[in-house]
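J.: One structure coming up, written as structure tokens, with questions to follow.
The values are calculated or read from the model by the stated rules, or taken from the named source; none is laboratory data. As the structure is a computational prediction, the values presented were derived from the model and not from experiment. No Cβ is skipped: glycine too gets one built from the backbone with ideal geometry, and neighbour counts run over all protein chains shown. Side chains included, ligands, DNA and RNA excluded: accessible areas come from the protein's heavy atoms. Shrake-Rupley method; radii C 1.70, N 1.55, O 1.52, S 1.80 Å.
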Amino acid sequence: MRKVPLGADEIFVGGRWERGGGEPIEAVDPATGRVFHRFHGASVDDVENAVTRGRAAADDSGWRDALPHERAAVLRAIGDAIAATAEEISAVQTTDTGKTLAETRALALSAAGTFRFMAAALETMEEAVTPSRGPYLTMTAHEPYGVVGAITPWNSPIASDAQKAAPALAAGNAVVLKPSVWAPCVSLLLARVCERAGLPAGLLSVLPGSGRVVGDAIVRHPLVGKVSFTGGTATGRAIGRLAADKIMPVTLELGGKSPTIVFPDADVERAIAGVLFGIFSSTGQSCVAGSRVFVHESVYQDFVGTLVSRTRRLRVGPGTDPSTQVAPLVTGEHRDRVARMVEAAVTEGARVLCGGSIPLGGVYDGGAYYLPTVLAGVSNDAPICREEIFGPVAVVLPFADEADLVRQANDNDYGLACGIWTRDYRRAYRIARAIDAGTVWINTYKQFSISTPFSGHKASGLGTEKGREGIKSYMRQKSLYWDLGDHPLPWAGGQ
Ligand code: TXE
């Protein structure tokens with residue numbers, strides 16, 4: 001069994017490394033199918049301990065009432081510590097998720113940047129003195145919820161953990177983080193890094209475990225005042241229903257089926273590079289994957305021909321090989337789900353232009369590989385164009401004109417992202433404003449910045465993450481009135 005720096009059979013419960021009371025978890029390297037770490041996940045009792053210790057820590061350690069620059073100093077130290085540990089984090093995450101080392105390195109550095117950015121945003125955050133409409137001074141204050149539940153998926157754990165934990169901690173909360181059982185190891189490593197960087201004990205818990213048991217217990221816990229979730233839309237809906245019963249705010253970052261649109265005047269080399277990167281990087285396991293590729297009918301044959309020949313040239317292999325572009329999927333189970341979706345599409349009439357199968361032999365044996373796949377010959381209302389595949393599968397679709405394009409692109413439950421390839425900036429603007437999506441990339445794709453808000457429209461989500469205002473989504477607003485009048489309130493009369 002390969003040694004990873006994860007310690008013994010322990011999870012992080014309210015500042016203490018303890019053996020989890022839940023189901024055993026086997027962390028599997030999807031490049032080889034080998035188990036590299038075994039430990040026990042969290043139980044409902046662990047959730048109880050994490051939440052109550054977290055609540056006490058937020059109050060007793062002074063974290064809640066610490067001045068912004070004091071909390072910011074700790075967040076900066078965490079950011080620096082993540083950057084200093086980036087190689088270790090990257091190695092663990094590649095082993096756990098299969099992703100390429102180049103990508104996991106970038107994710108680790110992005111997590112470091114997130115903590116540093118939130119430190120800066122916290123130090124410079126302003127409260128408003130609102131216009132007075134009486135003999136009083138009015139001001140707005142923002143206060144933490146107490147304990148925030150952060151539930152993250154397996155596709156980019158360190159980055160999504162940081163995206164929730166950094167602003168929630170900055171806001172003065174304790175955080176109970178539940179990573180997915182398919183990729184829990186890097187979140188446990190993050191806990192060790194935060195601990196070493198000086199985060200007061202109890203403020204962060206990391207509780208790997210099943211969503212149905214551990215995630216559900218976090219969402220239902222009465223002391224959890226806010227939940228931030230990234231994952232599938234069905235799970236997001238279920239969490240939203242529970243939150244409605246508690247009258248608790250939730251941020252939901254859900255799935256996508258994003259259109260990427262090629263106009264006849266596009267710079268073909270840039271568009272090809274962007275479309276390939278948009279769907280096949282991260283092996284398509286990205287919420288913003290550009291999985292529906294709309295190409296204007298006048299350039300459809302040529303563009304799709306080039307796309308297919310370039311897709312065939314993509315290098316599929318283990319994430320540890322520096323030449324790999326398309327790494328394995330996160331698990332064999334997920335790979336089989338992707339394969340079944342492609343088979344179903346073919347049964348319903350889709351043509352496989354390239355890929356559409358599991359590579360065999362040599363380095364692929366035992367791994368969760370799937371060839372990058374381009375499908376054609378289906379209409380936009382086929383299931384393969386409606387359901388999130390979360391794998392390396394693009395569907396190409398022709399369009400006739402702008403009206404036809406906008407109708408097709410928006411005819412989908414999701415509204416997460418969109419890519420537009422054209423040299424005409426007026427057209428780019430028109431289309432960008434007409435498409436239902438939280439993020440639109442023009443002549444680029446899948447670029448992210450912590451300083452830029454991220455949100456989903458329609459079934460892709462609720463609420464906004466990132467940006468300077470990201471901290472305030474983990475705070476409750478309070479209005480204060482200070483009397484400045486010379487007399488008592490008149491209603492009660494007086495002498
Ligand atoms: O997601 P889940 P899964 C999509 C993608 C994928 C599908 C299923 O299409 O194929 O969702 O993936 C926790 N209460 N995305 O099963 O179930 C769960 O343990 C509380 C899109 O991995 O949504 C994990 O920690 N928590 C996506 C997290 O929720 C619950 C990223 C996400 O798991 C829970 C991942 C419950 N009842 C998958 N049930 C994106 N948009 O980036 C599960 N969880």
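J.: Which members of region 77-105 meet the condition of being among the basic types (Lys, Arg) and in a helix (DSSP H, G or I)?
T.: ARG105
J.: Let me ask something else about it. Examine region 306-328 for a residue that is within 12 Å of PHE390 (Cα to Cα) and surrounded by 22 or more Cβ atoms within 10 Å (Cβ to Cβ), and state whether such a residue exists.
T.: Checking region 306-328: not a single residue is within 12 Å of PHE390 (Cα to Cα) and surrounded by 22 or more Cβ atoms within 10 Å (Cβ to Cβ).
J.: In addition: Residue by residue through region 232-260, note down the ones that are open to solvent by 20 Å² or more (accessible area, probe 1.4 Å), within 7 Å of the ligand (Cβ to nearest atom) and either on the phi > 0 side of the Ramachandran plot or in a loop (DSSP other than H, G, I, E, B) (or both).
T.: If the condition is that a residue be open to solvent by 20 Å² or more (accessible area, probe 1.4 Å), within 7 Å of the ligand (Cβ to nearest atom) and either on the phi > 0 side of the Ramachandran plot or in a loop (DSSP other than H, G, I, E, B) (or both), then GLY232 is the only one that fits.
J.: Under 8 Å between Cβ atoms, which residue pairs at least 6 apart in sequence (or on different chains) link something in region 83-97 that is without any contact (Cβ under 8 Å) to a residue 24 or more places away in the chain and under 15 Å from ALA111 (Cα atoms) with a partner that is of a type outside the set (A, V, I, L, M) and part of a helix (DSSP H, G or I)?
T.: From residues that are without any contact (Cβ under 8 Å) to a residue 24 or more places away in the chain and under 15 Å from ALA111 (Cα atoms), the pairs are GLU87/ARG105; SER90/THR104; SER90/ARG105.
J.: Looking at region 455-466, is at least one residue in contact with a Gly (Cβ under 8 Å, 6 or more places away or on another chain), at positive phi, of a type outside the set (S, T, N, Q) and in contact (Cβ under 8 Å) with a residue 12 or more places away in the chain?
T.: yes
J.: Taking SER298 and the conditions (1) surrounded by fewer than 23 Cβ atoms within 10 Å (Cβ to Cβ); (2) in contact with a Pro (Cβ under 8 Å, 6 or more places away or on another chain); (3) not in a loop (DSSP other than H, G, I, E, B), which numbered condition does it fall short on, given that it satisfies the others?
T.: Going through (1) surrounded by fewer than 23 Cβ atoms within 10 Å (Cβ to Cβ); (2) in contact with a Pro (Cβ under 8 Å, 6 or more places away or on another chain); (3) not in a loop (DSSP other than H, G, I, E, B) one by one, SER298 breaks only (3).
J.: Test ILE420 against the stated conditions and say whether it is in a helix (DSSP H, G or I), buried (at least 19 other Cβ atoms within 10 Å of the Cβ), at negative phi and within 23 Å of the chain's Cα centre (by Cα).
T.: For ILE420, the condition - in a helix (DSSP H, G or I), buried (at least 19 other Cβ atoms within 10 Å of the Cβ), at negative phi and within 23 Å of the chain's Cα centre (by Cα) - is not met.
J.: Go through region 273-295 and report how many residues are closer than 16 Å to ARG423 by Cβ and either hydroxyl-bearing (Ser, Thr, Tyr) or out of contact with any strand residue (DSSP E or B) (no Cβ under 9 Å at 6 or more places or on another chain) (or both).
T.: Result for region 273-295: 1.
J.: Would you please name the residue that is nearest to SER160 (Cα to Cα), looking only at residues in region 208-231 that are within 7 Å of the ligand (Cβ to nearest atom) and among the polar types (S, T, N, Q)?
T.: THR230
J.: Based on this model, can you work out whether THR283 counts as under 21 Å from the mean Cα position of the chain (by Cα), within 14 Å of the ligand (Cβ to nearest atom), part of a helix (DSSP H, G or I) and more than 30 Å from PRO144 (Cα to Cα)?
T.: The answer is yes for THR283.
J.: If ARG212 satisfies all but one of (1) touching a residue at least 12 places away in the same chain (Cβ under 8 Å); (2) open to solvent by 10 Å² or more (accessible area, probe 1.4 Å), what's the number of the condition it fails?
T.: Of (1) touching a residue at least 12 places away in the same chain (Cβ under 8 Å); (2) open to solvent by 10 Å² or more (accessible area, probe 1.4 Å), only one is false for ARG212: (1).
J.: List the strands (runs of 3 or more DSSP E) inside region 125-197, counting only whole elements, that have at least 2 residues being in contact with a strand residue (DSSP E or B) (Cβ under 8 Å, 6 or more places away or on another chain), within 12 Å of the ligand (Cβ to nearest atom) and in the same structural domain as GLY240 (by TED's automatic domain parsing).
T.: 147-151, 174-178
J.: Against the condition at pLDDT 95 or above, within 16 Å of the ligand (Cβ to nearest atom) and open to solvent by 10 Å² or more (accessible area, probe 1.4 Å), how does GLU269 come out, does it pass?
T.: No: the conditions fail for GLU269.
J.: Which one is most open to solvent (accessible area, probe 1.4 Å) among residues in region 331-375 that are assigned to a loop (DSSP other than H, G, I, E, B) and within 16 Å of the ligand (Cβ to nearest atom)?
T.: THR331
J.: Pull up region 401-417, narrow it to residues that are in a loop (DSSP other than H, G, I, E, B) and within 25 Å of the chain's Cα centre (by Cα), then point me to the one that is surrounded by the fewest Cβ atoms within 10 Å (Cβ to Cβ).
T.: Ranking the candidates gives ASP411 first.
J.: Which of the residues spanning region 306-330 are within 16 Å of the ligand (Cβ to nearest atom) and out of contact with any Ser or Thr (no Cβ under 6 Å at 6 or more places or on another chain)?
T.: If the condition is that a residue be within 16 Å of the ligand (Cβ to nearest atom) and out of contact with any Ser or Thr (no Cβ under 6 Å at 6 or more places or on another chain), then PRO328 is the only one that fits.
J.: Against the condition crowded, with 18+ Cβ neighbours inside 10 Å and within 30 Å of ALA141 (Cα to Cα), how does PHE454 come out, does it pass?
T.: In short, yes.
J.: Among the listed residues GLY438, GLY485, GLY494, GLY470, which satisfies the condition of being without any contact (Cβ under 8 Å) to a residue 60 or more places away in the chain and more than 16 Å from the ligand (Cβ to nearest atom)?
T.: The match here is GLY494.
J.: One residue is enough: does region 376-398 have a residue meeting the conditions crowded, with 18+ Cβ neighbours inside 10 Å, among the hydroxyl-bearing types (Ser, Thr, Tyr) and touching a residue at least 12 places away in the same chain (Cβ under 8 Å)?
T.: No, that holds for no residue.
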